[in-house]
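The values are calculated or read from the model by the stated rules, or taken from the named source; none is laboratory data. Nothing here was measured: the structure is a model prediction, and the numbers come from that model. Cβ placement follows ideal geometry from the backbone for every residue including glycine, while neighbour counts extend to all protein chains displayed. With ligands, DNA and RNA removed, areas are computed over all heavy atoms of the protein, side chains included. Shrake-Rupley method; radii C 1.70, N 1.55, O 1.52, S 1.80 Å.
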Amino acid sequence: VFGFGDYGLEDLKYRRWVKKTALTATQIESMKKEIETFAFQPKISVVMPVYNIRRKWLIKAVESVLHQVYENWEICIADDASPAPYIKEVLSRFQALDKRVKVKFLAENQGISGASNAALELADGQYTAFLDHDDELSRDSLFEVVKLLNQHPEAEIIFSDEDKLTLSGRRLRPVYKPGWDPDLFLTYNYLCHLVVCKRELVEKVGGFRRGFEGCQDYDLLLRCTEKTDKIFHLPKILYHWRMVPGSAAAKAGLLVNDVIT
């Protein structure tokens, strides 16, 4: 299946599957032991531009990184001169809590491309993962990425499957993607989330470009895919895209009421 699925019954079936396959404490401990066997344990820099997002979504986004099973990460955050006063308070608190949280507060609004580049400037990991300020990573997302890198150290771009989050936190509308297909990618950005790129590759193509706000990720990836064919699909749902009113996720997945229990 490739797409957002049907309404109603299909969403109910998916939610039941989510409950059935939720990570257990035993599975998490098993992952931690497996990490110890990894010959390659690169630092992953999670890049996140922030602008005036609601407090609770921001906290959930950052916490989804803090709770990763794989621990060799950093989260690089650039606040794009948000007028909401709580943004600085929340980000400063996380920065004091964990040294892996890096934050830059921009003096002037630079738009999402400029803020993303500012966050990238904080990164020193071998790979960069991209996270929107109102979304969440699955707890095993970076573990699965690094597991794949141990199997395919040549990988320069990795993309995973994804689903949507309602405002109450319910998961629905899974997107199961095909493997790397350059012709399909020229029609639209089906890689979407989660995408992890070798940082050296992102720097080589010049990062994000001003003037492409709204499709800045697609523009960046198009330029990256001109430089490499070492692109791997990770067929697991590792990213949860929140359907906040006005967001791209809401437009793509359509906002729904939580009427299915």
Under 5 Å between amide H atoms, partner at least 5 residues away or on a different chain: which partners does residue 73 have, H built in plane at 1.01 Å? 44
Gain upon complete extension [residue 226, residue 89; 0.36 nm per residue less C-alpha separation]: 45.3 nm
Expressed as a whole number of Å, what is the distance separating the alpha-carbon centroids of segment 117-145 and segment 89-112? 14 Å
Difference of contour (0.36 nm per residue) and Cα-Cα distance, residue 72 to residue 15: 17.5 nm
By the gyration tensor of its Cα atoms, with a ≥ b ≥ c the square roots of the eigenvalues, what is the shape of the chain: rounded for a/c under 1.5, prolate for a/b over b/c, or oblate? rounded
Between residue 184 and residue 168, what length comes free when the chain is fully extended (0.36 nm per residue of separation minus the Cα-Cα distance, one decimal in nm)? 2.4 nm
Point-to-point label distance, residue 152-residue 33, nm (Cα→Cβ direction, 7 Å offset): 2.8 nm
Might you tell me the accessible area per residue for the chain, computed with a 1.4 Å probe and given in Å²? 47 Å²
Three-way shape call for segment 1-107 based on the alpha-carbon gyration tensor, with the a/c threshold at 1.5: oblate
When a/c reaches 1.5 or more, the comparison of a/b and b/c decides; with that in mind, is segment 93-185 rounded, prolate or oblate per its Cα gyration tensor? prolate
